[in-house]
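Q: This structure is in structure tokens; I'll ask about it shortly.
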Amino acid sequence: MRISSQVLLTFLLNACWQIPLITLLALVAARLLKTEVARYTHVLWVAALLLSFLVPALTSSNVLVEALGEMTVKERIGTPNLEDPVAVATTLPTPTTGFAWQRPGFAAVQLDLYLATALLLLYGAFVLYRAFKLAQAIHTTRVIRRTAQPLEPSRQIAAVIARCEEAIGSRRVEVRSSSSVSVPITVGLIKPLIILPDDLLREGNRDLLMSAIGHEFIHVARRDYFLNFLYELIYLPLCFHPAAAVLRRRIKQTRELCCDELVAERVLDRETYARSLVRLASDTPALRRLSVTTTVGIADADILEVRIMSLLRKPKFNARWKKILLTVVSLLLVIPCVAAAAFAMRFEVDLTARNQAQEPSQQEKEAKEKATVEQHRRQEEELKKR
């Protein structure tokens, strides 16, 4: 129990300052990549989310390994045998602060028992609430998938699906319709399923169908549903921090920008696809996701203006400048993260307050034992006198 609380506190309190640092670095790097293609920025934000989890986890894993090592050493030493000769050290150990295993740059901080308990309970409440919302979203997605209906035979829809499969080169994906969704979505970890709203199918606009279905086929080809679910699991232990929510939101936004670029390259021209996005936004005023965490679709990111401007803008960097820029961005993100891991702190629960709370009861126990001994001694003296 002591080791687990120590590991959780080390992860939690180091993450409180390491995640904002990583987010700030990612914002600066994204600024440098502003005029580049969206897939580089998307990889940047994904790397920032992974580092936000790995850097505090690395710190807490070091604490766990060293704590287990201390326990192993104590078990090997065992209880000393009093009959064996004992060697007396002629030199006294030098006093140290913190812990015996403390290294330079790895500070040890003790927290009050009640403060540590409150922090762990609050963190547990955040994680449990987020896990409940994730489970609720998974259940909602399963209901949508189960209630989706097969498409009615239509030459236009069949031609659009065949055109998207040929242009994107993805495997054959089942397409269904549903009245419970307002925008096209993709669900399914192993067998992806594209679900289209009934209103879109009834309208019969070829450009809209091509844009919506092509966008979802890109999601399937990129395995965005599986990756989105993986990012949600990584975000789960970080959900208490607002900076982690910023990283999660930027991943969703840049993912849609990547899909828009691929649709404009392989399926439709940029102007037609941009008009289709505006049309879909006007037909669906909310333009928001049906499920917060477990679906991917054309309306995931609420950045319509940014998506339109990205479609109409073309990158201008040459290949050599692109390599230099990517190298600078990688160093800008990785080097400070290594320094953040090196200067992490270790946190431990201070049990002094609990020991002080136990002292009165211990004193009472010792007083009763003394009184009992004294009473027996007096009885023995009286017996001797008699």
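The values are calculated or read from the model by the stated rules, or taken from the named source; none is laboratory data. The model shown is predicted, which means the values in this text are computed figures rather than measured ones. Backbone-built Cβ (ideal geometry, glycine too); neighbour counts: all protein chains shown. All accessible areas refer to the heavy atoms of the entire protein, side chains included, with ligands and DNA or RNA removed. Shrake-Rupley method; radii C 1.70, N 1.55, O 1.52, S 1.80 Å.
Q: Can you tell me how many residues within region 293-342 are assigned to a loop (DSSP other than H, G, I, E, B) and either modelled with pLDDT of 75 or more or closer than 18 Å to T254 by Cβ (or both)?
A: Residues flagged as assigned to a loop (DSSP other than H, G, I, E, B) and either modelled with pLDDT of 75 or more or closer than 18 Å to T254 by Cβ (or both) within region 293-342 amount to 12.
Q: Return only the number of the condition from (1) open to solvent by 40 Å² or more (accessible area, probe 1.4 Å); (2) without any contact (Cβ under 8 Å) to a residue 60 or more places away in the chain; (3) part of a helix (DSSP H, G or I) that P153 does not satisfy.
A: P153 satisfies every listed condition except (3).
Q: Looking only at region 224-243, count every residue that is closer than 15 Å to I138 by Cβ and of a type outside the set (D, E, K, R) and tell me the total.
A: Number of matching residues: 9.
Q: Let me ask another. Looking only at strands (runs of 3 or more DSSP E) that fall completely inside region 168-231, which ones have 2 or more residues that are touching a helix residue (DSSP H, G or I) at 6+ places or on another chain (Cβ under 8 Å) and among the polar types (S, T, N, Q)? Give the steps one after another, and end with the answer.
A: Working: elements: 174-178, 185-187, 193-197.
Answer list for region 168-231: 174-178.
Q: Another question, then. Sort out which residues of region 209-222 are open to solvent by 10 Å² or more (accessible area, probe 1.4 Å) and either touching a Gly at 6+ places or on another chain (Cβ under 8 Å) or free of Cβ contacts under 8 Å to residues at least 12 places away in the same chain (or both), and write them in order of number.
A: A221
Q: Return the residues of region 179-188 that are touching a Lys or Arg at 6+ places or on another chain (Cβ under 9 Å) and free of Cβ contacts under 8 Å to residues at least 60 places away in the same chain; say none if nothing qualifies.
A: Passing the criteria: only G188.
Q: From the set of residues in region 1-56 that are within 26 Å of M309 (Cα to Cα), assigned to a helix (DSSP H, G or I) and without any contact (Cβ under 8 Å) to a residue 12 or more places away in the chain, which is least open to solvent (accessible area, probe 1.4 Å)?
A: L27
Yes or no, residue by residue, for (1) among the β-branched types (V, I, T); (2) at positive phi; (3) crowded, with 21+ Cβ neighbours inside 10 Å:
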residue: S180; (1), (2), (3): no, no, no
residue: G204; (1), (2), (3): no, yes, no
residue: D207; (1), (2), (3): no, no, no
residue: D224; (1), (2), (3): no, no, yes
residue: Q253; (1), (2), (3): no, no, no
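Q: With the structure loaded, tell me whether L236 is open to solvent by less than 30 Å² (accessible area, probe 1.4 Å) and in contact (Cβ under 8 Å) with a residue 60 or more places away in the chain or whether it fails that test. Give the steps one after another, and end with the answer.
A: Numbers: open to solvent by less than 30 Å² (accessible area, probe 1.4 Å): no; in contact (Cβ under 8 Å) with a residue 60 or more places away in the chain: yes.
Against the criterion (open to solvent by less than 30 Å² (accessible area, probe 1.4 Å) and in contact (Cβ under 8 Å) with a residue 60 or more places away in the chain), L236 does not qualify.
Q: Would you confirm, using the coordinates I've provided, whether G188 is at pLDDT 85 or above and over 18 Å from T294 (Cα atoms)?
A: no
Q: Quick one: is G105 more than 19 Å from A221 (Cα to Cα), within 29 Å of the chain's Cα centre (by Cα), open to solvent by less than 90 Å² (accessible area, probe 1.4 Å) and at pLDDT below 85?
A: It is true that G105 is more than 19 Å from A221 (Cα to Cα), within 29 Å of the chain's Cα centre (by Cα), open to solvent by less than 90 Å² (accessible area, probe 1.4 Å) and at pLDDT below 85.
Q: Ok, one more. Restricting to region 169-186, count the residues that are closer than 9 Å to A148 by Cβ and touching a strand residue (DSSP E or B) at 6+ places or on another chain (Cβ under 7 Å).
A: Matching residues across region 169-186 total 4.
Q: Separate question: Go through region 232-259 and count every residue that is over 17 Å from T295 (Cα atoms) and either in a helix (DSSP H, G or I) or among the small types (G, A, S) (or both).
A: So the count comes out to 8.
Q: Mind checking which pairs have a first residue in region 243-267 that is among the polar types (S, T, N, Q) and a second that is at pLDDT 90 or above, Cβ under 7 Å, 6 or more apart or different chains?
A: Within 7 Å, the pairs are T254/T41; T254/H42; T254/W45.
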